[in-house]
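Starting off with a structure, shown below.
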Amino acid sequence: MLVVSFDEKAATFSNRVTQFIRVLHPYLVCKYIDEQGIKWTMHQLAVAGLQFETHKSALYAVDVTFQQTTAPALSFNEKKTYFSKKHGLYGHKVEVSVGPNGLAINVTDCAVGSTSDFEMVKVNLGFHSKHLEKQPNDNNVSDNDALKTLWGLVSDKYTWKKDEYNIYFQTCVVLTNVHVRFNPLRNVDCKGYNQHLNRLLSIGSKITARNLSSKAKYRENRKARIQAVLGLANSGYTSEDYDIGYEETDNIFD
């Protein structure tokens, strides 16, 4: 629709939007993400009454988000690193740190889907060490996810260029921070994330079931071919002989 409105070809319009985002991206991330981590100290959160309800002394919450992508056109060894066994899908992972006020204060670059959450935290340890250091004026004092419910770009399967994923994802986080400023998070917002996660798990389960069905069909066809060539009645093969070299539980990602 936008292409028609601007009377441009799809490729031209897409390149124009990408260039626009690429130019603004560094400024937006600095102003609406990085500066929020500097502004909202533990003292400021306590004064504003914006602490976590059950963990008063926590400065921010950390989680790793997963987004499904198309299977990369790479060699098998490179391709399988994008596969997440938890979700049963190819995708990217990004670590996001969110304060009690609902504003994201840190977003990492994306990692391949097989990267563990613990490994991502280790890679970003420099940020956590810096921001969790107790400040002189600090006293002893629901991780919700609006990102997936606001922007279709990060809630649906990502099919665009993989080398531009970081600027799109981080720009969506910036826009989420701006949205949260005008529309504070509510307790019901966490349902959006649960629905998104359940949808990913459902897609992964369906793909697994389809693969198992294909394997079963292959086994049946293989038996039929062997029986046709050798003749079941006159051969010394048993039904177990037809399964040699192929197991039901074989999975290239195990």
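Just checking, which of His128, His92, His55 is surrounded by fewer than 20 Cβ atoms within 10 Å (Cβ to Cβ), under 22 Å from Val174 (Cβ atoms) and of a type outside the set (Gly, Ala, Ser)? If you could, list the steps in order and put the result at the bottom.
On the way: His92 fails: surrounded by fewer than 20 Cβ atoms within 10 Å (Cβ to Cβ); His55 fails: under 22 Å from Val174 (Cβ atoms).
One residue alone meets the criteria, His128.
Let's see how each residue does on (1) modelled with pLDDT under 80; (2) surrounded by 13 or more Cβ atoms within 10 Å (Cβ to Cβ):
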{"residue": "Asn166", "(1), (2)": "no, yes"}
{"residue": "Val173", "(1), (2)": "no, yes"}
{"residue": "His179", "(1), (2)": "yes, yes"}
{"residue": "Arg186", "(1), (2)": "yes, no"}
{"residue": "Cys190", "(1), (2)": "yes, yes"}
{"residue": "Leu201", "(1), (2)": "yes, yes"}
{"residue": "Ser205", "(1), (2)": "no, no"}
{"residue": "Ala209", "(1), (2)": "no, no"}
{"residue": "Ser214", "(1), (2)": "no, no"}
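Among (1) surrounded by fewer than 18 Cβ atoms within 10 Å (Cβ to Cβ); (2) at pLDDT below 65; (3) within 16 Å of the chain's Cα centre (by Cα); (4) in a loop (DSSP other than H, G, I, E, B), where does Asp145 come up short?
It fails just one condition, (1).
So Ile226 clears everything in (1) surrounded by 14 or more Cβ atoms within 10 Å (Cβ to Cβ); (2) modelled with pLDDT of 75 or more; (3) under 39 Å from the mean Cα position of the chain (by Cα); (4) of a type in the set (A, V, I, L, M) except one condition, right? Which one?
(3)
The values are calculated or read from the model by the stated rules, or taken from the named source; none is laboratory data. Everything quoted here is computed from the prediction, not taken from an experiment. A quick note on method: Cβ atoms are made from the backbone with ideal geometry, for glycine too, and the neighbour counts reach across all protein chains shown.
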